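Asks: One structure coming up, written as structure tokens, with questions to follow.
The values are calculated or read from the model by the stated rules, or taken from the named source; none is laboratory data. Because the structure is a prediction, the values reported are computed rather than measured. Cβ sites come from the backbone with ideal geometry, for glycine too, and all protein chains shown count toward neighbours. We work out accessible area using only protein heavy atoms, side chains counted, and drop any ligands, DNA or RNA first. Shrake-Rupley method; radii C 1.70, N 1.55, O 1.52, S 1.80 Å.
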Amino acid sequence: MLTRRHLLATAVAAPAILRFGIGTAHAATTLKISHQFPGGTIDKGDFRDRLCRMFAAEVAKRSNGDIAAEIYPNSSLIKTNAQFSAMRKGALDISLYPMPYAGGELPETNIGLMPGLVTTYDQGLRWKKEPVGKALTDFLADKGIILLTWVWQAGGVASRSRPIVAPEDAKGLKVRGGSREMDMVLQTAGASVLSVPSNEIYAAMQTGACDAGITSSTSLISFRLEEVAKSLTSGAGASYWFMLEPLMMSKAIFDKLPKNQQDILLAVGTELEAFGRKGAQDDDVEVAKVYEKAGAKVSALDAATVGKWRDIARDTAWKDYGAKTATAANLLKLAIDVAA
């Protein structure tokens, strides 16, 4: 029987390209959808890959084949960190992309992983309809990016040695945090940091270049980090690490489409947000089972511990981010308003 684990392992070894579309007599608009995560099927595998496949299939259906899509998992089309820039230039159509990966290009995008700022799914998903969501959407549109589906993911820590629960546990370890701001918090806690995308954490931990990796529950599962970890800190009950990983599209490509096709893309993207939330929350629960089965020690975060991380972040990462640009300062203020 094919399980999620078998599908993911196979997908890592052999990236799949799947075209969605309905045969018609006229030429369809073909959109390329790229992401860094393991490929599966529309029913099985990493929920982020499944979301892309569901998006492609539904868009093809609603457009009567006028829009087709090709899915490129495992960064098989464009390397992970290059996908955001490629979309801005119109060289890539769509990607499900961790927003803070664009922080080197646009530091304002690091709001998508600001330690301790978002602490629940409800809070993160409220952004879309709050002033912070409009400000972020407008900023990205100005930079050439359209947000199609808002996806937030809670995260946890896989460690080769002792569990990292409270900030003091990170002292002396080499840790992958996931954003510049998370790295600042880790350094303040006494850790050294490593900046790699989540699909490179396994190799870094396997070679000893990294002692621990903080990433989403889904990535903790899909990238099989339990194979190189002895402990897991789960973010299922509470977390200081929430990443915004939306399905996003090149505005240059979007603007070339007729209005009816634009409307279909936006409508389908919005409708998939409930699926994205459920997928993330299901994996928050599943990750502990996977690591326990592998023999790892599983620890949990609570509100008081999350507060310790947030206190460090307020004094370091939040201040640093807010001083970057006027846009960053405004985004931070508006996001804090949602959290209040």
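Asks: Which residue fluctuates most in the GNM of the chain (Cα springs below 10 Å): Asn74, Asn330, Asn110?
Replies: Comparing Asn74, Asn330, Asn110 in a Gaussian network model of the chain, the most mobile one is Asn330.
Asks: Ignoring ligands, DNA and RNA, what accessible area per residue does segment 242-309 give at 1.4 Å, in Å²?
Replies: Normalised by residue count, the accessible surface of segment 242-309 is 45 Å².
Asks: Considering every Cα-Cα pair within the chain, what fraction, in whole percent, is farther apart than 29 Å? List each step's numbers first, then the result.
Replies: Details: 19976 of 57630 pairs.
The calculated P(r) of the chain puts 35 percent of pairs beyond 29 Å.
Asks: From the protein chains alone at 1.4 Å, what is the descending order of accessible area for Thr327, Thr109, largest first? Spell out each step's value before the answer.
Replies: Numbers: Thr327 55, Thr109 0 Å².
Most to least solvent-accessible, the answer reads Thr327, Thr109.
Asks: Pairing the Cα long axis of helix 4-13 with the longest principal axis of the chain, what angle in degrees results, from 0 to 90 and rounded to the nearest 10?
Replies: Taking the Cα atoms of the chain, the angle to 4-13 is about 80 degrees.
Asks: Here is a follow-up. Sorted by accessible area with a 1.4 angstrom probe, largest first, how do Ile145, Ile336 fall?
Replies: On the way: Ile145 0, Ile336 65 Å².
So, going from the largest accessible area down, we get Ile336, Ile145.
Asks: Using 20 Å as the cut-off for backbone N distance, which residues of segment 143-159 belong to the label zone defined by a point 7 Å from the Cα of Lys129 along Cα→Cβ?
Replies: Label zone hits: 147-153.
Asks: In the full protein assembly as shown, how much of Asp169 is accessible to a 1.4 Å probe, in Å² to the nearest 10?
Replies: Its accessible surface works out to 40 Å², give or take rounding.
Asks: In the Gaussian network model of the chain, springs joining C-alpha atoms below 10 Å, which of Arg62, Arg180, Arg48 carries the largest mean-square fluctuation?
Replies: Of the options given, Arg62 has the highest mean-square fluctuation.
Asks: If you take the Cα atoms of segment 185-340, find Rg, then find the Kirkwood Rh from the mean of 1/r over all pairs, what is Rg/Rh? Show your work: numbers first, answer last.
Replies: Details: Rg = 18.7 Å, Rh = 18.4 Å.
A ratio of 1.02.
Asks: Now for a different question. Can you give the helix-only mean residue ellipticity at 222 nm for the chain, where every DSSP H stretch with n ≥ 4 adds -39500 (n - 2.57) and the sum goes over all residues, rounded to the nearest 500 deg cm²/dmol?
Replies: On the way: 14 runs with 141 residues, N = 340.
Helix-only estimate at 222 nm: -12000 deg cm²/dmol.
Asks: Taking 0.36 nm per residue of sequence separation and subtracting the Cα-Cα distance, how much length would be gained by fully extending the chain between Lys79 and Ala329, in nm to one decimal? Let's see the in-between values first.
Replies: Details: separation 250, 0.36 × 250 = 90.00 nm, distance 3.06 nm.
Using 0.36 nm per residue and subtracting the Cα-Cα distance, I get 86.9 nm.
Asks: Where only protein heavy atoms count, and the probe is 1.4 Å, what is the accessible area per residue for segment 38-88 in Å²? Walk me through the numbers before you get to the answer.
Replies: On the way: 1680 Å² over 51 residues.
Per residue, segment 38-88 has 33 Å² of solvent-accessible surface.
Asks: Let me ask you something else. Over the heavy atoms of Lys259, what accessible area does a 1.4 Å probe trace out, to the nearest 10 Å²?
Replies: Probe radius 1.4 Å; accessible area of Lys259 about 130 Å².
Asks: Could you tell me which of rounded, prolate or oblate describes segment 300-340, using a ≥ b ≥ c as the square roots of the eigenvalues of the alpha-carbon gyration tensor, with rounded for a/c under 1.5 and, failing that, prolate when a/b is larger than b/c and oblate otherwise?
Replies: Numbers: a/c = 3.82, a/b = 1.83, b/c = 2.09.
Here segment 300-340 falls in the oblate category.
Asks: Pick from Gln206, Gln36, Gln83: which residue has the top mean-square fluctuation in a GNM of the chain where Cα pairs under 10 Å get a spring?
Replies: The residue with the greatest mean-square fluctuation here is Gln206.
Asks: Another question about this same structure. Roughly what % antiparallel, to the nearest 5, for the DSSP beta bridges in the chain? It would help to have the intermediate numbers written out before the result.
Replies: Numbers: 21 of 37 bridges.
In the chain, approximately 55 percent of DSSP beta bridges are antiparallel ones.
Asks: Summarise the accessible area of the chain (1.4 Å probe, protein heavy atoms) by the percent that is carbon and sulfur.
Replies: 53
Asks: Cα centroid distance between segment 253-281 and segment 233-252, in Å?
Replies: Segment 253-281 and segment 233-252 have Cα centres separated by 17 Å.
Asks: Whenever you get a sec, line up Arg162, Arg50 from highest to lowest accessible area (probe 1.4 Å, protein heavy atoms).
Replies: Working: Arg162 100, Arg50 55 Å².
Ranking Arg162, Arg50 by accessible area, largest first, yields Arg162, Arg50.
Asks: To the nearest 10 square angstrom, what accessible area does Trp150 show with a 1.4 Å probe?
Replies: 10
Asks: Using all alpha carbons of segment 29-154, what is the percent of pairwise distances in each 10 Å bin, ordered from the shortest bin to the longest?
Replies: Once binned at 10 Å, the Cα pair distances of segment 29-154 give 12, 40, 38, 10, 0.
Asks: Take segment 158-276, drop everything but the C-alpha atoms, weight them equally and run the Debye formula without solvent; then report log10 I(q)/I(0) at 0.14, 0.18, 0.21 Å⁻¹ to two decimals.
Replies: -0.66, -0.88, -1.10
Asks: Can you work out the Karplus-derived ³J(HN,Hα) for every residue in segment 269-279? Use 6.51 cos²θ - 1.76 cosθ + 1.60 with θ = phi - 60°, whole Hz, and x for glycine or proline.
Replies: x, 5, 5, 7, 5, 5, 5, x, 5, 4, x
Asks: With 5 Å bins from zero, work out the P(r) of segment 264-340 over every alpha carbon pair and list the percent per bin.
Replies: Pair shares across the bins are 3, 11, 11, 13, 14, 18, 17, 10, 4, 0.
Asks: Could you tell me the distance between the Cα centroids of segment 173-197 and segment 43-95, to the nearest Å?
Replies: 30
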